[in-house]
Amino acid sequence: MKSFNGKVAAITGAGSGMGRTLALNLAGRQCHLALSDVNEAGLEQTAAAARAFGIKVTTARVDVANREAMYAWAEQVAADHGRVNLIFNNAGVALNAPLETVSAADFEWVMGINFWGVVYGSQAFLPQLKKSGDGHIINTSSLFGLIGTPGTGCYSASKFAVRGYTESLRIELDMMKFGVSATCVHPGGIRTEINRSARASSESEKLFGISAEQARDRFDKLLNTTSAEKAARIIIGAVERNARRVVVGPDAKAMDILVRILGSWYQPLVSWHTRRLLR
């Protein structure tokens, strides 16, 4: 997809952060937008900014973990815009909790949004992407879809799942020649509110030796290496060149290389670095 002019892109999690910057980047390229989020106030702010570029923008409050809601939204987008060329499955949440004590409800909450939201979005929009003859699925994994870290096991599990799903999907699409492709995105520390808004278990204190809020503050320093605007430009560029995977940010790139070199031996290094950071 060398040009986004006149195309139609659907974006989940568009009310803030990377979803908003993706929307505005595409609007600047004259791509029409169908935006969704559960944060309706933030969603309307994104839509208003995007409409200033003179393109068509529609919005919907959608819980990506709800399969029926995602399919209904996909049908509505097709009816409103006439076609769909891109789906950015971007919505995500975070949870800080030791795997020993994490509740089933919290684990299911993370998987419902981070993983099943990606699956539902991909499946719901794929028929429309095939009809367009020029479609692309962009699924957001994470640096934590490349490595595991203490306290983020649920989040990592969801992002590793997104990675496996998207890589398999890309191969199937290549084989079936639908005119549709897929890219898996692995952002590192992007300056958004996902870490600040993450759920945190009180049990984290047993793992880290400090309160969950203190741990969040210290880890927040590591999650501010790349602006959301720069991340959006990198992701859009990856779609243009039909990349299978895009690793966003110097921290994510460094860890990707480290894991390739060390294999599972990266784990003691992460343990040492985490203890050092907390001290």
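The values are calculated or read from the model by the stated rules, or taken from the named source; none is laboratory data. Everything numeric in this text was worked out from a predicted model, so none of it was measured. Quick reminder, even Gly has a Cβ in these numbers, built from the backbone with ideal geometry, and neighbours come from all protein chains shown.
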### Task
Look at segment 168-178 and say how many of its residues are at pLDDT below 95 and touching a strand residue (DSSP E or B) at 6+ places or on another chain (Cβ under 8 Å).
1
### Message
Test of understanding: among Val102, Val119, which residue is within 20 Å of Ala72 (Cβ to Cβ) and either β-branched (Val, Ile, Thr) or touching a Cys at 6+ places or on another chain (Cβ under 8 Å) (or both)?
### Response
Val119
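Name the residues in segment 1-36 that are within 18 Å of Gly92 (Cβ to Cβ), assigned to a loop (DSSP other than H, G, I, E, B) and not polar (S, T, N, Q), would you?
Going through segment 1-36, the residues within 18 Å of Gly92 (Cβ to Cβ) turn out to be 9-23, 35-36.
Retained after the next criterion (residues that are assigned to a loop (DSSP other than H, G, I, E, B)): 12-16.
Those that are within 18 Å of Gly92 (Cβ to Cβ), assigned to a loop (DSSP other than H, G, I, E, B) and not polar (S, T, N, Q): Gly13, Ala14, Gly15.
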### Query
Which of the residues belonging to segment 149-165 are closer than 22 Å to Val77 by Cβ and either surrounded by fewer than 24 Cβ atoms within 10 Å (Cβ to Cβ) or over 12 Å from the mean Cα position of the chain (by Cα) (or both)?
Tyr165
### Query
Just one of Leu43, Leu95 is hydrophobic (A, V, I, L, M, F, W, C) and either at positive phi or touching a Cys at 6+ places or on another chain (Cβ under 9 Å) (or both); which is it?
Leu95
### Query
Taking segment 231-247 only, how many residues are surrounded by 15 or more Cβ atoms within 10 Å (Cβ to Cβ) and either touching a Phe, Trp or Tyr at 6+ places or on another chain (Cβ under 9 Å) or free of Cβ contacts under 8 Å to residues at least 12 places away in the same chain (or both)?
3
### Count - residues of segment 125-148 that are among the hydrophobic types (A, V, I, L, M, F, W, C) and surrounded by fewer than 22 Cβ atoms within 10 Å (Cβ to Cβ)
2
### Selection within segment 232-252 - at pLDDT below 95 and assigned to a helix (DSSP H, G or I)
Pro250, Asp251, Ala252
### Message
For segment 82-91, check the following and say yes or no: at least one residue is surrounded by fewer than 20 Cβ atoms within 10 Å (Cβ to Cβ), out of contact with any strand residue (DSSP E or B) (no Cβ under 8 Å at 6 or more places or on another chain) and either hydrophobic (A, V, I, L, M, F, W, C) or over 12 Å from Ile11 (Cα atoms) (or both).
### Response
no
### Query
Does Asn5 satisfy the criteria of being buried (at least 22 other Cβ atoms within 10 Å of the Cβ) and among the polar types (S, T, N, Q)?
no
### Task
Give Met111, Met70 a once-over and let me know the one that is farther than 30 Å from Thr274 by Cβ, in contact with a Ser or Thr (Cβ under 9 Å, 6 or more places away or on another chain) and at pLDDT 95 or above.
Met70
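Filter the strands (runs of 3 or more DSSP E) completely within segment 37-148 down to those with at least 1 residues that are touching a residue at least 12 places away in the same chain (Cβ under 8 Å) and closer than 25 Å to Ala243 by Cα. Lay out the reasoning, then the answer.
Working: elements: 57-61, 86-89, 135-140.
In segment 37-148, 86-89, 135-140 are the strands (runs of 3 or more DSSP E) which contain 1 or more residues that are touching a residue at least 12 places away in the same chain (Cβ under 8 Å) and closer than 25 Å to Ala243 by Cα.
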### Task
Note down all Cβ pairs under 8 Å where the first residue falls in segment 263-279 and is without any contact (Cβ under 8 Å) to a residue 24 or more places away in the chain, the second is hydrophobic (A, V, I, L, M, F, W, C) and assigned to a helix (DSSP H, G or I), and they're at least six residues apart or on different chains.
Leu269/Leu258; Leu269/Leu262
